[in-house]
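This report refers to the structure that appears directly beneath it.
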Amino acid sequence: DLAGDIDMSAGVVSAARSALEAGKPIFTDVTMVATGVTRKRLPADNRVECLLKDPRTVERARQLGTTRSAAAVDLWDLDGSVVAIGNAPTALYHLLNKLEDPAVPRPAAIVGIPVGFVGAAESKRDLAAVAGDLGVEYITVHGRRGGSAITCAALNALATSKEIL
C-alpha cells in the first residue's frame, strides 16, 4: 500500500540522473542514508556527504537553536546537488525555508522522505505543495512512513536504471 502514498514531480528522475551523471554530490540528513547509497550505482563516483559531525554543524545548531540535521543544511553546496532527507523533518523544513530566498542555489532534486510522528507528514506535504514554486524537483512518501531504508531505495533507483549485481 506504499505506492499510493508516493508523490513526485514530473522531472525528478531525469533531473536527479542528470545531476549524478554530471558528478554532483548527494547531501544527506543522517549517516544511515549516506551509508545506504550503493556506490557502484553512482555514475560518476559522486560524493555522498552527511555533515552531522562537522564542528561547524554543531556550532550552527547552537546558534539557530535547532537540530544538527537542520543546521547541516546551511553547509550543503546545493547548486545542482541531490538532497536526501530520510529521518529529520527539521532538515526538510530548514531546506524549504532556505529555498524561499531566490538567491539560494537550487538542488537538482530533493528526496524528502523523513519518518516519524512529529512533523514528518507535514514537512512532506509542504515539500509537495511548494516544490514547483521553489523551482525544485522532488520525490516523497506522504504520511508518517519514510526513513533511511525508503530514502536509500529511492536514491539507488534514481542513480541508475540498470540493475547491478
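Readers should treat all values here as calculations from the given coordinates under stated rules, not as data from a laboratory. This structure is a prediction, so every number in the text was calculated from the model and none was measured. A quick note on method: Cβ atoms are made from the backbone with ideal geometry, for glycine too, and the neighbour counts reach across all protein chains shown.
Taking label points 7 Å from Cα along the Cα-to-Cβ direction, Leu2 and Ser14 give a separation of 2.7 nm.
Sorted largest first, the principal axis extents computed over the alpha-carbon atoms of segment 111-165 equal 37, 27, 10 Å. Inter-label distance, Asp133 to Arg47: 3.2 nm, where each label sits 7 Å from its Cα along the C-beta direction.
With Cα atoms as the point set, the radius of gyration and Dmax of the chain evaluate to 14.4, 45 Å. Applying both filters, DSSP loop and at most 13 other Cβ atoms within 10 Å, to the chymotrypsin sites (Phe, Trp or Tyr not before Pro) of segment 68-144 gives Phe117.
What does the charge count around Thr57 come to, taking other residues whose C-beta lies under 15 Å from its C-beta (Lys +1, Arg +1, Asp -1, Glu -1)?
0
Rg and Dmax over the alpha-carbon atoms of segment 55-102 stand at 10.4, 28 Å.
The listed peptides 15-21, 79-85, ordered by packing as a protection proxy, come out as 79-85, 15-21 (highest mean of other Cβ atoms within 10 Å first). For the pair Ala153 and Arg56, what calculated FRET efficiency results from E = 1/(1 + (r/R0)^6), where r is the Cβ-Cβ distance and R0 = 25 Å, to the nearest 0.05? Here the calculated transfer efficiency is 0.25.
Between Thr31 and Gln63, residue separation times 0.36 nm minus the direct Cα-Cα distance comes to 9.3 nm.
Pairwise Cα separations in segment 36-77 fall into 5 Å bins from 0 onward with the following percentages, short to long: 5, 25, 24, 13, 12, 12, 7, 2.
Which value does Rg/Rh take for segment 10-107 over its C-alpha atoms, Rh per Kirkwood? In segment 10-107, Rg relative to Rh is 0.97.
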